[in-house]
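To start, the structure itself, in structure tokens.
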Amino acid sequence: MKEDLDITENIEFHEPSLMSLLCGEQNSHLKIIEKRLGIKIHMRGNRISLRGSEWQIQLAKSVLEQLYNIIKKDYPIYPNDVEYAIRILSNNPNEDIKNIFLDRVYITASKKIITPKSINQKVYIDSIRRYDIVFGIGPAGTGKTYLAMAMAISFLLNKEINRVVLTRPAVEAGEHLGFLPGDLYEKVNPYLRPLYDALHDMMDFESASGLLQKGVIEVAPLAFMRGRTLNDSFVILDEAQNVTSEQMKMFLTRLGFSSKTVITGDVTQIDLPGGKVSGLIEAREVLEGIEGIKFVYFTRDDVIRHPLVQEIIDAYERFEKR
């Protein structure tokens, strides 16, 4: 039976002054909804007309009404937010995206508001607030490290901890440190660059540099963690899929009093030499179920990058299955 595409329904919004924010510049937000849902949208004044199948209209209505309610709370809506809202409500029609989008994790020096953009991201930041050790496992682009960094800076500025330690293993795509030029610092620095990039995206360069010089924020390779006890600290281990079993045990036992640890990684991108077991995969088997430790799993639906990134992930998954 052919689906009826000629249903038309109108939505009227009561505050005309908010319509430009809802519809976006040159109706860019409406065009995203049209493209993603295959629906026809026409706006006149404070009334929006929707034409499509029943499910398309109901989903579009939910997206528009929920975004409108968020705008009324003084939350700025961007094209990416429209994409995220469509994604969330397509998978969970009864979800209230206000509970996700209005959870402000951190406001950067450039006044950029960092908030969760998916259900799993919301679960992730709530878990970081509640648990002392949190594992964030999933594909690239899901915000695992970025949100953990935002939470760490927020905890630091709110004086809930005294220090932030950012670390990752110096193992990438089979390269060996001995073949790289320079002293030890120069050898490991390229591996730590993504952590510096995320830090400088959240804080102005002068503030970040000052905290780095004072040791309040420390960026270091995983090998530098051995023998330390980290009290009153927020510690992030990034790229944990490239940590060996021994390194993971060493790292987890560094946790001191009044501290939080977040471990992030993607188990599909392991660059360890052949025969080495990933400490992240092993930790998942060993530690799951321990009270005080939380595992949060991300999927392709949580990718917060260019829409093509999701398609690339899907394409590789199909290829690997073949």
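The values are calculated or read from the model by the stated rules, or taken from the named source; none is laboratory data. Here the structure is a predicted model, which is why all the values come from computation and not from measurement. When we count neighbours, we look across all protein chains shown, and the Cβ atoms used for this are built from the backbone with ideal geometry, even at glycine. Calculation scope for accessible area: heavy atoms of the full protein, side chains included, ligands and nucleic acids excluded. Shrake-Rupley method; radii C 1.70, N 1.55, O 1.52, S 1.80 Å.
The figures follow:
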| read-out | value |
| --- | --- |
| Surface share of carbon and sulfur [accessible, 1.4 angstrom probe, percent] for the chain | 51 |
| Among beta bridges that DSSP assigns inside the chain, antiparallel share in %, nearest 5 | 35 |
| Percentage of interatomic Cα-Cα distances in the chain larger than 36 Å | 29 |
| Area of His306 that stays accessible when all protein chains are in place (1.4 Å probe, Å², to 10) | 120 |
| The chain: angle of helix 205-214 to the longest principal axis, Cα-based, in degrees nearest 10 | 30 |
| As computed over the stretch 1-84, the Cα convex hull volume per residue (Å³) | 84 |
| P(r) histogram, all alpha-carbon pairs of the stretch 61-169 included - 10 Å bins from 0, percent | 13, 43, 32, 11, 1 |
| Accessible area in the full protein assembly, largest first, 1.4 Å probe, for Val123, Val296, Val286 | Val286, Val123, Val296 |
| Computed E for Glu160/Asp301 - FRET, C-beta separation, R0 35 angstrom, nearest 0.05 | 0.70 |
| Principal-axis tilt of helix 144-157 within the chain, Cα atoms, nearest 10 degrees | 80 |
| R0 of 22 Å, Cβ-Cβ distance Val277-Arg322: FRET efficiency to nearest 0.05 | 0.25 |
| Top of Ser278, Ser90, Ser53 by mean-square fluctuation, Gaussian network on the chain, Cα under 10 Å | Ser53 |
| In sequence order, calculated HN-Hα J values of the stretch 69-79 (Karplus, 6.51, -1.76, 1.60; Hz; x Gly/Pro) | 5, 5, 4, 5, 8, 6, 8, x, 9, 10, x |
| The stretch 29-95: Lys pairs at Cα distance under 16 angstrom, eight or more positions apart or on different chains | 4 |
| Under 18 Å from Lys294, Cα to Cα: lysines that are on another chain or at least 8 residues apart | Lys122, Lys144, Lys249, Lys260 |
| The chain, relative contact order in percent, only Cα pairs under 8 angstrom and at least six apart counted | 18 |
| Distance histogram for the stretch 44-120 (every C-alpha pair counted, 5 angstrom bins, percent rounded to whole numbers) | 3, 14, 25, 24, 17, 9, 5, 2, 0 |
| Normalised convex hull volume, the stretch 201-322, alpha-carbon set, Å³ per residue | 157 |
| Label-point gap, in nm, between Glu9 and Thr268 - each point 7 angstrom along Cα→Cβ | 3.5 |
| Accessible heavy-atom area order of Asp96, Asp302, Asp197, highest first, probe of 1.4 Å | Asp197, Asp96, Asp302 |
| Within the stretch 35-65: backbone nitrogen closer than 11 Å to the Met19 label point (7 Å, Cα to C-beta) | 43-49 |
| The stretch 236-298, Cα convex hull volume normalised per residue, Å³ | 89 |
| Per-residue HN-Hα couplings for the stretch 136-142 [Karplus 6.51, -1.76, 1.60; θ = phi - 60°; Hz; x = Gly/Pro] | x, 10, x, x, 4, x, 8 |
| Sum of -39500 (n - 2.57) over DSSP H runs of 4+, divided by residues of the chain (222 nm, nearest 500) | -13000 deg cm²/dmol |
| Spin-label model distance (nm) - Asp204 vs Gln58, 7 Å beyond Cα toward Cβ | 5.1 |
